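Values in this text are rule-based calculations from the coordinates and carry no lab data. Computed from a prediction, not measured in an experiment: that's the story for all the values here. Heads up, the Cβs are rebuilt from the backbone with ideal geometry, glycines too, and the neighbour counts pull from every protein chain shown.
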């Protein structure tokens, strides 16, 4: 079955109590195209997939790595040529998760950078599904490296802005609802907060501070911009690892349980993975 229609027809099927409880939808970043730029974790999960929903930007070399027996569903998703609407993709993912153990949503670049991964995560979690994220090398990073362009440089560029080309041009400056990420800023949190407030950000702007990101000892601290110095001080007392500060509305979506990307739960292995076909 290489067509999404059979899955869509079964969307309303009630959830069984056994194998489905163990099913996982993996939102996987495939990187900019070179299969050697896939992460080790992405390769492992792809190799165990029962169903793969993939976009048009996924290269043939990466598609060649999919298991021969898995169901492949081409979603399209290129400008002006959408084979499936986002609503259809969401519903197909939900139906697949109710039928199979390992469902992969394969996206070019990184699923959380202009990839609508956040929308799919919200939809699936709203319906009680287990979702995990595997980040990928975003196109900006991969293509810049391939062309020898340093995205940051001490002399020429100390910040990076990623825009969607579908944004109305008059919205480019200033950015509308930007997400700001500060590297190496934990000990400067007070100054960062003061500057952002001076820029006009609201005191109740959501912030998230993440230390030891993606590791088993990852910690997520959430709050509001006005509380950032206090949050940072708490994080510094609890962890000596590196940290990032996220500022913007999406920071409120941060998961405090820290398990959405870490390798702690529900990760199938080659020895235990079995197909669960209704």
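Our summary gives the stretch 177-253 a relative contact order of 47 percent, counting only alpha carbon pairs under 8 angstrom and 6 or more residues apart.
On full extension, the segment bounded by residue 63 and residue 214 gains 51.7 nm, given 0.36 nm per residue less the C-alpha separation. Computed from the C-beta positions of residue 226 and residue 161 and an R0 of 22 Å, the FRET efficiency is 0.35 to the nearest 0.05.
Of interest is the spacing of the C-alpha centroids, which for the stretch 194-214 and the stretch 123-146 amounts to 22 Å.
Tell me, in nm to one decimal, what length is gained between residue 39 and residue 179 on full extension, where the rule is 0.36 nm per residue of separation less the Cα-Cα distance?
Additional length available on full extension: 47.9 nm.
Once the Cβ-Cβ distance of residue 191 and residue 122 is raised to the sixth power relative to R0 = 51 Å, the FRET efficiency obtained is 0.95. Each residue of the stretch 177-253 gets 77 Å³ once the volume of the Cα convex hull is shared out per residue. Distance between the 7 Å Cα→Cβ label points at residue 240 and residue 154: 2.5 nm.
For the stretch 97-220, the Cα-based Rg and Dmax, in that order, read 17.7, 53 Å.
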